[in-house]
1. So Gly73 clears everything in (1) within 20 Å of Pro44 (Cα to Cα); (2) surrounded by 15 or more Cβ atoms within 10 Å (Cβ to Cβ) except one condition, right? Which one?
2. Taking the condition in a strand (DSSP E or B) and not aliphatic (A, V, I, L, M), does Phe107 pass?
3. Has region 161-171 got at least one residue that is outside any strand (DSSP E or B), open to solvent by 20 Å² or more (accessible area, probe 1.4 Å) and either in contact with a strand residue (DSSP E or B) (Cβ under 9 Å, 6 or more places away or on another chain) or basic (Lys, Arg) (or both)?
4. Quick check on region 218-232. Is at least one of its residues modelled with pLDDT of 95 or more, open to solvent by less than 20 Å² (accessible area, probe 1.4 Å) and touching a Ser or Thr at 6+ places or on another chain (Cβ under 9 Å)?
5. Can you confirm whether region 141-158 contains a residue that is open to solvent by less than 10 Å² (accessible area, probe 1.4 Å) and closer than 24 Å to Thr79 by Cα?
6. Could you look through region 45-68, keep only residues that are open to solvent by less than 50 Å² (accessible area, probe 1.4 Å), out of contact with any helix residue (DSSP H, G or I) (no Cβ under 6 Å at 6 or more places or on another chain) and among the aliphatic types (A, V, I, L, M), and pick out the one that is modelled with the lowest pLDDT?
7. Just to be sure I understand, how many residues within region 79-93 are more than 14 Å from the chain's Cα centre (by Cα) and open to solvent by 30 Å² or more (accessible area, probe 1.4 Å)?
Amino acid sequence: MLCALALCMLLCLFANVLFSQQAAPTASISQTPKEITPPRPNYPFPDGQGYVYSAEWHMITAGTGVVKMESAGGERKVTASAESQGVVNVIFPVHDRFEARFDPRTFCSLSIFKHSEEGSHKRETSIHFDYAQKKSLLDEKNLKTGETKHVENDLAGCATDVITGFYYLQSLPLQLGMRYEFPISDGRTTIVRADVEKREQIKVPAGTFEAVLVTAEATSGPLQSKGKVWVWYSDDASHTPVQMRAKLGWGTLLFRLQSIEK
């Protein structure tokens, strides 16, 4: 699931004109509460834009990923896909589809659906966030055996999810030296800490970008100590996620922006 977290934070993912060159702050890191901050008034959600990424592992292309946001009535819908290719597809084929919905007024996640085919495992998982009852409701079906399970977990308050969290980070100011901490849930809640560290120029197939580097990792919950994510967002009003590196227990994945579909 951290791989999905990595994908969402990059794509995902990922407000202001290019900052003038200046040294990184040396003062202590500014910190915000461990909660989801609603988007600013008239925030321009990147509706209709599909971010297309290549995933590289040990210098070989391991697959592709696409993430896209669309308006869905009073909600926003985020879709994501991950497809393995080449040697990796032979060793461990991956064909995943995600759909997440959230409230654009608050950035609180409403539901997640995942169809996953990973190696010999095939399953479908749906999660519903019931804020009135303070519960997340997970239902999962093993598509090979037909086995099902239902799990309910406590939900303290507004949380984002492993797909929408990518866009949540993109909506934040991302000023150098800032630290953001917020809850993210895949049925169980984890606190993620994201630090805006420095500016760099990044070259990817989609072009060359002035970018800000954001590092993110789980500080509590089931994903704690499971890995770390580095995300480069364009240092402009769009905060386009142009590159991401995810360090997992079995190795490192590099995601590079190939194109933006509209």
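1. Condition (2) is where Gly73 drops out.
2. For Phe107, the condition - in a strand (DSSP E or B) and not aliphatic (A, V, I, L, M) - is not met.
3. Within region 161-171 (the criterion being outside any strand (DSSP E or B), open to solvent by 20 Å² or more (accessible area, probe 1.4 Å) and either in contact with a strand residue (DSSP E or B) (Cβ under 9 Å, 6 or more places away or on another chain) or basic (Lys, Arg) (or both)), the answer is no, since none of the residues qualifies.
4. There is no residue in region 218-232 that is modelled with pLDDT of 95 or more, open to solvent by less than 20 Å² (accessible area, probe 1.4 Å) and touching a Ser or Thr at 6+ places or on another chain (Cβ under 9 Å).
5. yes
6. Ala55
7. 9
The values are calculated or read from the model by the stated rules, or taken from the named source; none is laboratory data. Please read these numbers as outputs of a predicted model, since none were measured by experiment. Don't worry about glycine lacking a Cβ; one is built from the backbone with ideal geometry, like all the others, and counts go over all protein chains shown. The area values use the complete protein model at the heavy-atom level, side chains included, leaving out ligands, DNA and RNA. Shrake-Rupley method; radii C 1.70, N 1.55, O 1.52, S 1.80 Å.
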